[in-house]
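The values are calculated or read from the model by the stated rules, or taken from the named source; none is laboratory data. Note that the structure is predicted; figures quoted are calculated from it, not measured. Please note: Cβ atoms are built from the backbone with ideal geometry, for glycine as well, and neighbour counts cover all protein chains shown. For accessibility, only protein heavy atoms count, side chains too; no ligands or nucleic acids. Shrake-Rupley method; radii C 1.70, N 1.55, O 1.52, S 1.80 Å.
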Amino acid sequence: MAALSAWFWNERFWLPHNVTWADLADPAPGVEYPKAGHLFTALPLALVIFTVRMLFERFIAAPCARSLLIHPGVRRRAQPNVVLEKVFTSITKNPDFRHLGGLSKQLDWEVRQVQRWFRHRRNQDKPSTHTKFCESMWRFTFYLCIFTYGFQFLWQSPWMWDTKHCWYGYPYQVMTPGLYHYYVMELAFYWSLMFSQFTDIQRKDFLIMFIHHLATVGLISFSYVNNMARVGSLVLCVHDSSDFLLEAAKLANYAKYQHLCDSLFIVFGVAFFITRLVIFPIWVLNSTMFESWAIVGPFPSWWLFNLLLLVLQVLHIYWSYLIARIAMKAMSRGKVGQASPCQEGFTRVSAHSPQKKKNAFFQVKTLH
């Protein structure tokens with residue numbers, strides 16, 4: 001175990017040349033450098049956030065939903081059937097005509113009865129509009145609060161106005177209380193999302209989102225441990241700037257405020273393009289790749305950090321393409337009154353076959 005720990009925390013990977021962990025272990029009185037142990041605070045805080053979310057959705061979001069006439073409703077549940085349940089869970093949720101015919105003969109049911117059972121069973125697992133509204137309201141509230149806090153904190157930070165300050169004196173940069181709270185709160189939130197995935201209604205994108213949350217936790221932890229928290233705070237703020245707009249558009253859609261939804265979706269799209277395709281590469285990537293090279297010089301974890309940010313930028317381009325395609329498609333249909341941007345964004349579109357559908361709007365996931 002000691003050998004594995006020594007290999008993982010190899011100074012030649014994590015730190016610039018001629019810097020050791022010992023150099024960062026005993027700072028001057030009143031000075032604190034990041035340490036991996038600090039991140040353990042995020043775990044109990046994640047449980048607190050998860051608890052707050054449960055209370056928020058029950059006592060704040062749910063009454064708001066009811067005031068907007070979004071009620072939980074009672075879904076028709078499929079009648080218990082061992083044979084069909086086994087097929088549903090282990091073979092297919094959308095049986096073709098061959099499967100339907102076989103099941104019809106096996107159960108002595110009409111084909112329509114089998115189809116109806118599978119339709120009810122699929123709908124049984126889908127979250128209601130009320131559930132989705134409460135979840136989006138929680139995310140909107142958190143994203144708005146954390147963005148407001150992060151922006152106010154960075155407004156007073158020198159590295160927001162001159163990104164070279166992200167690298168002056170690196171890695172001997174003090175971890176201030178404001179930066180620490182910002183980082184730990186973001187990390188705890190994504191830990192809480194990982195917890196909640198196992199208690200929420202299971203969605204089709206469960207594995208994708210679990211990997212997304214895990215990657216986010218890894219990136220935040222990685223940038224904290226090697227004290228790239230200053231530039232990391234810029235990355236977090238850039239991404240938080242459009243997340244709450246996306247959730248606001250969802251809320252308007254669930255409440256059936258179509259014009260408001262359209263407007264919010266357009267604002268979200270503009271904010272996404274500006275922050276991800278302009279600000280992020282010009283402001284953040286320029287600093288991590290070129291300014292840091294000139295001031296600090298490259299080292300192994302520097303290469304990995306920049307590689308991950310470049311992958312993130314590729315994802316930004318892909319997601320921007322999806323948003324633009326949704327908007328263009330909606331605009332072309334809007335000429336004949338068939339769709340609006342927000343409606344198009346929330347419409348399920350076919351992929352290869354009618355049974356393989358995906359929601360284009362919800363592909364626009366923001367990766368921190």
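One table, with the values for the structure above:
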item	result
Value in Å of the Kirkwood radius, where the stretch 59-100 supplies the Cα pairs that are averaged	13.5
Summed residue charge, Cβ within 15 Å of Gln173's Cβ, Lys/Arg positive, Asp/Glu negative	-1
Rounded Å value of the spacing that divides the Cα centres of the stretch 291-318 and the stretch 15-48	22
Range of Cα positions in the stretch 228-281 per principal axis (Å), largest first	43, 18, 8
Per-selection Kirkwood Rh - the chain (Cα, Å, 1 d.p.)	23.4
Tail fraction, Cα-Cα pairs, the stretch 82-125, threshold 17 Å, whole percent	17
Scaled radius of gyration (Cα, divided by 2.2 N^0.38 Å) that the stretch 192-298 gives	1.33
Over the stretch 163-251, equivalent-ellipsoid semi-axes from the Cα gyration tensor in Å	29, 15, 11
Kyte-Doolittle mean at least 1.6 and Cα axial length at least 27 Å: DSSP H helices in the chain	206-225
Carbon/sulfur fraction of accessible area - the stretch 82-125, other protein chains in place, 1.4 Å, %	48
Pairwise centroid distance, computed over Cα atoms, of the stretch 97-175 with the stretch 223-247, Å	18
Convex hull per residue volume in Å³, alpha carbons only, for the stretch 1-128	281
Per residue accessible area of the chain, 1.4 Å probe, in Å²	53
Flagged links, alpha-carbon separation over 32 Å, of Lys105/Lys126; Lys35/Lys250; Lys256/Lys329; Lys35/Lys126; Lys132/Lys329; Lys86/Lys329	Lys35/Lys250; Lys35/Lys126; Lys86/Lys329
Gain in span if fully extended, Arg58 to Ser332, counting 0.36 nm per residue against the direct Cα distance	94.6 nm
